[in-house]
Ligand SMILES: Cc1cc2nc3c(=O)[nH]c(=O)nc-3n(C[C@H](O)[C@H](O)[C@H](O)COP(=O)(O)OP(=O)(O)OC[C@H]3O[C@@H](n4cnc5c(N)ncnc54)[C@H](O)[C@@H]3O)c2cc1C
């Protein structure tokens, strides 16, 4: 059997390594950490680099459906989320340290995973490789891919939100509530009057940013100051919307939400506040919010360049490269966007590698599941202006129009059958 290498131990790589190892297949997991980190990564496997939210848990939500699908496929990140969840309304939010420590322990304890701490700058094409190096893929590996594929990497700019220490906040100026009182969430809400809101938006617009020239952002994760520039009401109808957050039957003009970030409840993330403001400016502007006058920032927001390949041009449906069929690409580097989507594609790549090892005829995941449709989007989109995508209902490849609960039931049934077919065949 060929040697199997997984490059990158983030969300996608951890899923891939753990699935194969748990099913009796030896793998080598390479990660540049801790030798070479990034502004966003520390030392663990499966780190959440920004928000601690894995989005909605509801089965009639696109990301909720995707999470249910990968849970059924044996997802390690879903297992980790069970032991690390923190109250977050109808969303699944986790304590990031407990979450990644759980994943790291599972990987380190697996007898079928060899861990190598090394920057991978080229691939051994005699092996099977699953490349999961994420949006911050080291430049040496990007150069290798550029030569191999004869293509430049694609990229867009994205930004992360700040974290604040609860003990530094004046919570008497805030109130606790989740939107529409749904779920068990303990969001801290900062109500803003019209005057406070307008002043805050103007402060944001005029604050100094790190990168001042225009560049492309991912629309789903715009820096808060970029949203603010789009019009005075943009934030009020976006991350600062007050609908469902009425207090004493009064709807504030706008609301800033803080979400619990760790199980201890000592850290809170500013929801929707991904930003590219200079650190000093973040402190100055965000400290003008009521209750945040003395806020201590456990982490400031940051800007980063996301790299990814042009999947529709370069990838087969089984996530292998057209130019190098034993090289599979998964995670954000393959052109999906988001924690759950990245993990899901890593897990799927591992299923496809397993099929290859077992000598099975390629059996794609059913196309009308959320994960099947996500991959379909990757390989069938127009290569021109290809951009990464989250799980959304708009990409679902349904044979006929169906309600969301039928979609969920059909997906669960289809994945169970598909999985069984792959797992029942013994290893060679
Ligand atoms: C700053 C930032 C904020 C983000 N915020 C969110 C968010 O809030 N919500 C959301 O859903 N998504 C977010 N994303 C997008 C995306 O979901 C995450 O990046 C996700 O972690 C991608 O998973 P991955 O497994 O593809 O890559 P990663 O989780 O980034 O894992 C890649 C791994 O590969 C390693 N590596 C890289 N190059 C090499 C090399 N050459 N050799 C060896 N190892 C290498 C890295 O050390 C890392 O451990 C964010 C991305 C970034 C960068």
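Structure values in brief
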{"item": "Rounded D (µm²/s) - the chain, Kirkwood Rh over Cα pairs, Stokes-Einstein at 37 °C, 0.692 mPa s", "result": "147"}
{"item": "Mean Cβ count within 10 Å, highest first, over the residues of peptides 19-27, 66-74", "result": "66-74, 19-27"}
{"item": "From the C-alpha gyration tensor of the range 256-327, square roots of 5λ in Å", "result": "41, 15, 10"}
{"item": "Cα-projected label distance for residue 237 with residue 105, points at 7 Å along beta-carbon direction, nm", "result": "4.7"}
{"item": "The range 1-112: C-alpha gyration tensor shape, a/c 1.5 cut-off, then a/b vs b/c", "result": "oblate"}
{"item": "Taking 56, 51, 172, 139 and counting other C-beta atoms within 10 Å, the order from fewest to most", "result": "172, 139, 56, 51"}
{"item": "For the range 160-304, convex hull volume per residue from C-alpha positions, Å³", "result": "111"}
{"item": "Helix 139-149 vs. the chain, principal-axis angle (Cα, 0 to 90°, nearest 10)", "result": "50"}
{"item": "Whether the range 101-179 is rounded, prolate or oblate, judged on the alpha carbon gyration tensor where a/c under 1.5 counts as rounded", "result": "oblate"}
{"item": "Pairwise centroid distance, computed over Cα atoms, of the range 65-87 with the range 282-326, Å", "result": "21"}
{"item": "Cα centroid separation, the range 183-204 to the range 388-412 (Å)", "result": "35"}
{"item": "Nearest 10 degrees, 0 to 90: helix 11-22 Cα axis against the chain principal axis", "result": "40"}
{"item": "Fraction of antiparallel bridges per DSSP, the chain only, in percent to nearest 5", "result": "65"}
{"item": "Rounded to 10°, Cα long-axis angle of helix 62-72 versus longest principal axis of the chain", "result": "40"}
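Computed from the coordinates by the stated procedures, all read-outs in this text should not be read as laboratory data. Just so you know, these numbers come straight off a predicted model, no measurement behind them. Every residue, glycine as well, gets a Cβ built from its backbone with ideal geometry; the counts of neighbours run over all protein chains shown.
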